[in-house]
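Enquirer: Below is the structure I would like to discuss, written out as structure tokens.
The values are calculated or read from the model by the stated rules, or taken from the named source; none is laboratory data. This one's a predicted model, so the numbers in the text were calculated from it and none came from an experiment. Heads up, the Cβs are rebuilt from the backbone with ideal geometry, glycines too, and the neighbour counts pull from every protein chain shown. Only protein heavy atoms, including side chains, enter the accessible area calculation; ligands, DNA and RNA are left aside. Shrake-Rupley method; radii C 1.70, N 1.55, O 1.52, S 1.80 Å.
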Amino acid sequence: GINAEYGQTFQHYFKQINLRMSVSPEVASKCLVIPDKSGYDTSMFNIPVKYANFLEKILIPNGLVKDRTHKLAVDILGTLPSECKGLVVLCVLKGGYKFCSELVDAMEKFICSSDINMSIKVEFIRLKSYHNVSSTGEIQVIGLSDLSVLQGKHVLIVEDIVDTGMTMTKALKLINQYTPASVQCASLLLKRTDKSCGYIPEFIGFSCPDEFVLGYGLDYNEFFRDLPHIGVINNEGIEHFKEH
């Protein structure tokens, strides 16, 4: 019928978009794909005055970030085995704290409204791989908690963004040394970049263009974490907030 034809047309259209943006079928099936060159005029949003002149655009509004996070919470809980009584969430600081807080809160609300008998415990790790706008190629592990508590536990790593994938690969290697029962990763963003090592998280909020994104916990030299939306910095912002 007509609806079926329209459905096939739209499926073909979005498939072509994904191909043009180099989004694999696996990634496209896991997340919302933010097209290249997309975004919103910053004047349409409430933005802190200190950042108003330093953003090129808003890429993902706060409301969409939260709605997508709530859906991820349900998806994550649905993958855990029925005998799972506890989940250890590893929040990758600093960038992952807002996403992790929203995600854990959504999971706990879902647990309370269902017959799931499970507790969530949050631990923290900190990995640093950025200096100004370029990855240094090295990862500093800072302020690790006692990861021996992960032995035999179901673990969810929560990250703000997977860029090259090297940071998360390093984190997984470290965590697997403690022989957890399972390890999965939830990343708010997966950047489309030819520098990727090929790592794909189990749960992804959005596939985003290869631009320097910030806000909602993501920073540029410790600035912009408090921006409620996810935006793209402009050249003036890069210069203004660079380290001296």
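Enquirer: Looking only at the stretch 51-79, which residues are modelled with pLDDT of 95 or more and of a type in the set (A, V, I, L, M, F, W, C)?
Expert: Hits for the stretch 51-79 are F54, L55, I58, L59, I60, L64, V65, L72, A73, V74, I76, L77.
Enquirer: Could you list all residues from the stretch 52-75 that are outside any loop (DSSP other than H, G, I, E, B) and over 21 Å from C208 (Cα atoms)? Quick ask: steps written out before the conclusion?
Expert: From the stretch 52-75, those outside any loop (DSSP other than H, G, I, E, B) are 55-60, 62-75; that's our starting set.
If the condition is that a residue be outside any loop (DSSP other than H, G, I, E, B) and over 21 Å from C208 (Cα atoms), then V74 is the only one that fits.
Enquirer: Mind checking which residues of the stretch 217-228 are assigned to a loop (DSSP other than H, G, I, E, B) and open to solvent by less than 10 Å² (accessible area, probe 1.4 Å)? If you could, list the steps in order and put the result at the bottom.
Expert: Let us first name the residues in the stretch 217-228 that are assigned to a loop (DSSP other than H, G, I, E, B), namely 217, 219, 221-222, 224-228.
Passing the criteria: G217, F224, L227.
Enquirer: Kindly provide the set of residues from the stretch 186-212 that are assigned to a strand (DSSP E or B) and open to solvent by 10 Å² or more (accessible area, probe 1.4 Å), ordered by number. Before the answer, list the steps.
Expert: From the stretch 186-212, those assigned to a strand (DSSP E or B) are 186-191, 203-208; that's our starting set.
Across the stretch 186-212, the qualifying residues are L190, K191, F203.
Enquirer: Further question: Considering every residue within the stretch 175-182, establish whether at least one is closer than 21 Å to L32 by Cβ, touching a helix residue (DSSP H, G or I) at 6+ places or on another chain (Cβ under 9 Å) and open to solvent by less than 10 Å² (accessible area, probe 1.4 Å).
Expert: Start the filter on the stretch 175-182 by keeping residues that are closer than 21 Å to L32 by Cβ, which leaves none.
The answer is no; no qualifying residue exists.
Enquirer: Hey, could you check the stretch 19-78 for residues that are of a type in the set (A, V, I, L, M) and over 19 Å from the mean Cα position of the chain (by Cα) and say which is surrounded by the fewest Cβ atoms within 10 Å (Cβ to Cβ)? Explain how you work it out, then say what you get.
Expert: Filtering the stretch 19-78 for residues of a type in the set (A, V, I, L, M) gives 19, 21, 23, 27-28, 32-34, 44, 47, 49, 52, 55, 58-60, 64-65, 72-74, 76-77.
After this cut, where a residue has to be over 19 Å from the mean Cα position of the chain (by Cα) as well, the list is 19, 44, 47, 49, 52, 55.
On the way: L19: 12, M44: 9, I47: 19, V49: 6, A52: 11, L55: 23.
Per the criteria, the residue is V49.
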